[in-house]
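Following: one structure in structure tokens, then a few remarks.
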Number of protein chains: 2
Amino acid sequence: MTLEDILAFDAADPLRDKRDLFNIPEGVIYLDGNSLGVLPKATPDAMNDMLRRQWGQDLIRSWNSNDWINAPRRIGDKIGRLIGAAEGQVIAADSTSINVFKALSAASQLNSGRLVLLSETGNFPTDPYMMEGWATATGNRMIAELVEPSRILDRLAPDVAVLLLTQIHYKSGEVWDMNEITRHAHEAGALVIWDLSHSAGAIPVELDKCRVDFAVGCGYKFLNGGPGAPAYIYVAERHQSKVMPVLPGWMGHASPFAFEDSYTPGQGIKRFLCGTPGILGMCALEIGVDIFQSVDMGVLRTKSRQLGDLFIALVEENRMGFELASPREADMRGSQVSIRHPGGYAIMQALIERGVIGDFRAPDILRFGFTPLYTRYVDVWQAVSTLADIMNSNDWCDEKYAVQAEVT
Amino acid sequence: MTLEDILAFDAADPLRDKRDLFNIPEGVIYLDGNSLGVLPKATPDAMNDMLRRQWGQDLIRSWNSNDWINAPRRIGDKIGRLIGAAEGQVIAADSTSINVFKALSAASQLNSGRLVLLSETGNFPTDPYMMEGWATATGNRMIAELVEPSRILDRLAPDVAVLLLTQIHYKSGEVWDMNEITRHAHEAGALVIWDLSHSAGAIPVELDKCRVDFAVGCGYKFLNGGPGAPAYIYVAERHQSKVMPVLPGWMGHASPFAFEDSYTPGQGIKRFLCGTPGILGMCALEIGVDIFQSVDMGVLRTKSRQLGDLFIALVEENRMGFELASPREADMRGSQVSIRHPGGYAIMQALIERGVIGDFRAPDILRFGFTPLYTRYVDVWQAVSTLADIMNSNDWCDEKYAVQAEVT
């Protein structure tokens, strides 16, 4: 493959105009949009309007006049369109962790009598942590259990109330077959919660078609909603009215402004709201989500596959001593590729210093996220070329890259 | 009292320069800062830097380079200084409702064996709703109970695990004696949670001195952190290490970036973090909180009392048929005054149309918040003068004010 071939891919890319909607820093090849998406160019102006006009001038009246009150449902429905959810089933609110807790507690109510909360070892840890939390909340009546991914299907015994899985693994990028796993879980009498943090905005998702029960996800990765953006929760319409929320904040009440002493859950998805929504975060999230409203997720997925395939081909062509830590088969892989190397930490530091930003996950994983709306084929080419320079010159062995900084 | 007297008050006001730090819309007298505080002038520039430089340019590196990772603890400590909490006991996170849930569940662990969660009827409803939620979570082992405010002390029997009260009532502005109630609760073996949503930034609070166990509060009222700003939780140092959080999100883990399968709580207040914090909301909240760092809360409280006294005196002097719904005694009253009138809704609409913004709480309460950092004595004078015009002319009886809009 030559650089001309690569440039031809970019020229023929049906998504090529989308890149111009984002702020990409000069001299940076950003392959970490699976951790924190980039800034949409429209966000600063929207936030400025939010601050100066909506908050600054209209003040408290904005809850009505600028429709703050409906932001969680409005944005939820827009996210729903990306994940195959009909209207009224998704609401933007709180953090992913809190929404996992809502889903676990709701699933436990719906499937009472069954006591096991099941997930896989190596899942993104806030999912199993919240399982532990919900088990603790129930006085350890419920039991949090993790098994190896390969044992999940076998473990679907009649004691399992709910199966919680992240559709695309944060470290390897491996994709669970949502339709198949959901079907198996239902056959075994379990409900499912899918964590879509690495799926929404990255691959087509069909929650309704797969008869999923609950889903959650974050707004700051592929959705480009900004650091710590509000998260979202999907609750299938058939379940909504049967759940009495254990996080029954006033904004989920049937009539929040009646200020009643006791809780009456709101209709539908509204009861999965809790406290007052963070409106500044909602503002930025909506800009990110709006960009996807005109994107064909099938077209996006095709490019995502090709970016990953290209990265793998170029890395292997250069024989740099990396081991592939993601599925080789594009359909089995989300919008990222991970590779292993014992010097992974130092190599990533050397890459970042040269403007190629991915991230490192202990002990030896280098992660590269491919965000089809703003990653070009030529970015992949240049990233691998920079990586090859670092490896061939042994620059990564410089001791300045060796000390692992404590992130917290 | 003459207008000259009033203007002399403003000229002698030691806080008079603070008003210039805020954006007050032209032609508006804003007496609703107890619901949503106004925009600090510094916020748009800070947010612009947050968006364009920290997120837009520095991207994922900002968690370290711009210290996003420590924002919850840093801002928590700054709020701590306003509420009498030594460092390491307050963290900014989530919503008030979620923080109430954390505090209720923690208090139940610390006081195990006791089963009653106690609060008062008429409390701001998210507090009792979260009590119901926590009771539901425990399989109704814990019991949520509300009694009339006058019966709270009598109800402190040996079955009460925790007493949850809002220090300043959202509707009447009445103040509970934090020291006295906390002492009574402790003597009865109960723990206390104080909701400071209407206290922080409004009156001096002494959590440590009063030996309070837990406190929560919101960032968008007197703290001017913006709509739906992050909330905060205080956990007394003596309790922190004894609590196993039931909302154990990954950001509260001892080593979040070790991505371990099981939860090990972080040291100290950190374990009361849950998911990824909303950094845009934190940015605006910090600006609001920073303004208070150079304010003497005693000086602020003196002005707050005087603004309320002046409002009451002027309203009563004008004999407009209102009944006082707040304590007449300034020490018993937070930084607001509420008055009753059967036509309250229409009167408030007429006021708002004339640029005097307070709010209405069913069935008959008009609320006026006095935020000493930006409310002048002359604002109170003009607000009452506008109110008198509306009442004397019967303008409020115009049918355009009669239809009560549905807020949600």
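Summary table
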{"item": "Sorted peptide list for B:90-102, A:180-192, criterion being average Cβ within 10 angstrom, highest first", "result": "B:90-102, A:180-192"}
{"item": "For B:I143, distant residues with modelled amide H under 5 Å away", "result": "B:V116, B:L117"}
{"item": "In Hz, Karplus ³J(HN,Hα) per residue of region A:213-223 (6.51, -1.76, 1.60; θ = phi - 60°; x = Gly, Pro)", "result": "8, 9, 8, 9, x, 9, x, 9, 9, 5, 7"}
{"item": "Orientation-averaged projected area, Cα convex hull of chain A (nm²)", "result": "21.0"}
{"item": "Interchain or long-range residues, amide H under 5 Å from B:Q336's placed H", "result": "B:F370"}
{"item": "Nonlocal amide H pairs with B:G217, under 5 Å, H built at 1.01 Å", "result": "B:L196, B:Y232"}
{"item": "Radius, Kirkwood style, for region A:144-200 when every pair of distinct Cα atoms is counted (Å)", "result": "11.7"}
{"item": "Spatial separation of Cα centroids for region B:33-62 and region B:342-408, in angstrom", "result": "32"}
{"item": "Expected 222 nm ellipticity per residue - DSSP helices of 4 or more, -39500 (n - 2.57), all of the protein assembly as shown, to 500", "result": "-10000 deg cm²/dmol"}
{"item": "Number of partner chain Cβ atoms within 10 Å, mean per residue of A:276-289", "result": "6"}
{"item": "In nm, spacing of pseudo-spin labels at A:Q293 and A:N70 (7 Å Cα→C-beta vector)", "result": "1.2"}
{"item": "Efficiency of FRET from Cβ geometry, B:E206 and A:A362, R₀ 51 Å, rounded to 0.05", "result": "0.70"}
{"item": "Neighbourhood net charge (14 Å Cβ-Cβ; Lys/Arg +1, Asp/Glu -1) for A:I6", "result": "-4"}
{"item": "Approximate spin-label separation A:T2-B:D45, in nm, with each point projected 7 Å along Cα-to-Cβ", "result": "5.4"}
{"item": "Above-threshold pairs, the threshold being 29 Å between Cα atoms, out of A:K242/B:K270; B:K209/B:K303; A:K78/B:K171; A:K18/A:K400; A:K221/B:K18", "result": "A:K242/B:K270; A:K78/B:K171; A:K18/A:K400; A:K221/B:K18"}
{"item": "Rounded to whole Hz, the Karplus (6.51, -1.76, 1.60) HN-Hα couplings of region A:309-320, x for glycine and proline", "result": "4, 4, 4, 4, 4, 5, 4, 6, 4, 7, 6, 9"}
{"item": "Neighbouring partner chain Cβ atoms per residue of A:23-31, average, 10 Å criterion", "result": "2"}
{"item": "Residues of region A:113-136 with amide N under 20 Å of a point placed 7 Å along Cα→Cβ from A:D154", "result": "A:116-123"}
{"item": "Distance in nm between pseudo-label sites at B:R238 and B:D309 (7 Å out along the Cβ direction from Cα)", "result": "3.7"}
{"item": "Cβ neighbours within 10 Å from other chains - mean over A:120-132", "result": "6"}
{"item": "Highest to lowest packing among B:290-302, B:230-242, scored as the average C-beta count within 10 Å", "result": "B:230-242, B:290-302"}
{"item": "Pairwise FRET efficiency - B:R61 versus A:D389, Cβ, R0 = 22 Å, nearest 0.05", "result": "0.55"}
{"item": "Alpha carbon centroid spacing (whole Å) that separates region B:82-104 from region B:255-299", "result": "9"}
{"item": "Whole-number D in µm²/s for the protein assembly as shown (Stokes-Einstein; Kirkwood sum over Cα pairs; 10 °C, 1.306 mPa s)", "result": "58"}
{"item": "Cβ-defined net charge surrounding B:L31, 10 Å radius [Lys, Arg +1; Asp, Glu -1]", "result": "-2"}
{"item": "Bridge type composition, chain B - antiparallel percent by DSSP, nearest 5", "result": "55"}
{"item": "DSSP bridge orientation in the protein assembly as shown - percent antiparallel, rounded to nearest 5", "result": "55"}
{"item": "Distances in nm from A:E148 to the matching label points in the other copies, shortest first (labels 7 Å along Cα to Cβ)", "result": "6.6"}
{"item": "10 Å-binned pair-distance histogram of region B:285-359 (Cα, whole percent)", "result": "16, 39, 30, 14, 1"}
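Readers should treat all values here as calculations from the given coordinates under stated rules, not as data from a laboratory. In this text, all values refer to a predicted model and were calculated from it rather than measured experimentally. Reconstructed Cβ throughout: ideal geometry from the backbone, glycine too, with neighbour counts over all protein chains shown.
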